[in-house]
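Before any comments, here is the structure.
The values are calculated or read from the model by the stated rules, or taken from the named source; none is laboratory data. Everything numeric here is computed off the predicted structure, so don't read it as measured data. In this analysis, Cβ positions are derived from the backbone assuming ideal geometry, glycine residues included, and neighbour counts consider all displayed protein chains. Just so you know, the surface numbers come from the protein's heavy atoms only, side chains and all, with ligands and any DNA or RNA stripped out. Shrake-Rupley method; radii C 1.70, N 1.55, O 1.52, S 1.80 Å.
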Amino acid sequence: SGDLGGVIGQWKLQGGSEGAVLSPHTDAVTSMASRAGHLVSGSQDGMVRFWPRGWPPAKLLEGHTDGVMSVAFSLDATKIASGSSDCTIRVWDVADYSSRSLVGHAGEVSGVAFSPAGDYIASSSWDGTVRVWSLQTSEFRELGRATEPFACVAFSPDGNTVVGGTSGGTLQCWDLSS
């Protein structure tokens, strides 16, 4: 779990007691993801922290200029995506910590998700759009626009559908197979 003070706590499922406590961030922890024993966190401090299997220590992934609102792992855990209040998405390579930016949203990127095959990223934004980005070309396709901000996004397990949730509680679905 993450808190408003930048602390991450690890909890034991049996008994609910707290295990490791980490203080990696200087502001609120806004998002965390785990895959294949790895952990990644994003914070209002603008930092992404990555803990390889057997963590700690953490690797600081720098590049955003404002708070990080969402983080996600690719299914094979070789890539991390982060969405930020600086209106960008960064895609990080876990092997060498290199990154690249995906630019195009006009508002805070509130959600990121990898397609099951790992070749696309879906993003939601406070600009009222949901987009799908090709990791091969860095180009995007805008799936939809709403009158209220999108707060989250997800791919279906087969990768053929993207779902976006608005701040008002509405879900919108897009079929990518057609």
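Evaluating kT/(6 pi eta Rh) at 4 °C and 1.567 mPa s, with the Kirkwood radius of region 81-137 over Cα pairs in the Stokes-Einstein relation, gives 114 µm² s⁻¹.
Using mean Cβ contacts within 10 Å as the protection proxy, how do 154-163, 86-95 order, highest first? Mind showing how you got there, number by number?
Working: 154-163: 15.9, 86-95: 19.2.
Highest to lowest by the protection proxy: 86-95, 154-163.
How many angstrom lie between the Cα centre of region 132-170 and the Cα centre of region 33-54? Region 132-170 and region 33-54 have Cα centres separated by 22 Å.
Within 10 Å of each candidate Cβ there may be at most 12 other Cβ atoms; applying that plus a DSSP loop requirement, which GluC sites (Glu not before Pro) in region 70-178 survive?
Working: sites: E108, E139, E142; in loops: E108, E139.
Here the sparse-neighbourhood loop sites are E139.
Backbone phi angles across region 139-148, fed through the Karplus curve with coefficients 6.51, -1.76 and 1.60 (θ = phi - 60°), yield HN-Hα couplings of 8, 10, 10, 7, 8, x, 9, 10, 7, 10 Hz in residue order; Gly and Pro are listed as x. Charge tally around S110: other residues with Cβ under 14 Å, Lys/Arg +1 each, Asp/Glu -1 each, net -4. Taking all protein chains into account, the per residue accessible area for region 105-178 stands at 47 Å² (1.4 Å probe). Computed from point charges on the beta carbon alone (+1 for Lys and Arg, -1 for Asp and Glu), the dipole magnitude for region 35-178 about its Cα centre is near 300 Debye. Computed from label points 7 Å out along Cα-Cβ, the spacing between R141 and S156 is 1.4 nm.
Full-extension gain between R53 and R100, please, as 0.36 nm times their residue separation minus the C-alpha to C-alpha distance.
Details: separation 47, 0.36 × 47 = 16.92 nm, distance 2.33 nm.
Between R53 and R100, full extension yields 14.6 nm more.
Residue separation of M32 and D66 scaled by 0.36 nm, minus their Cα-Cα distance, works out to 10.6 nm of gained length.
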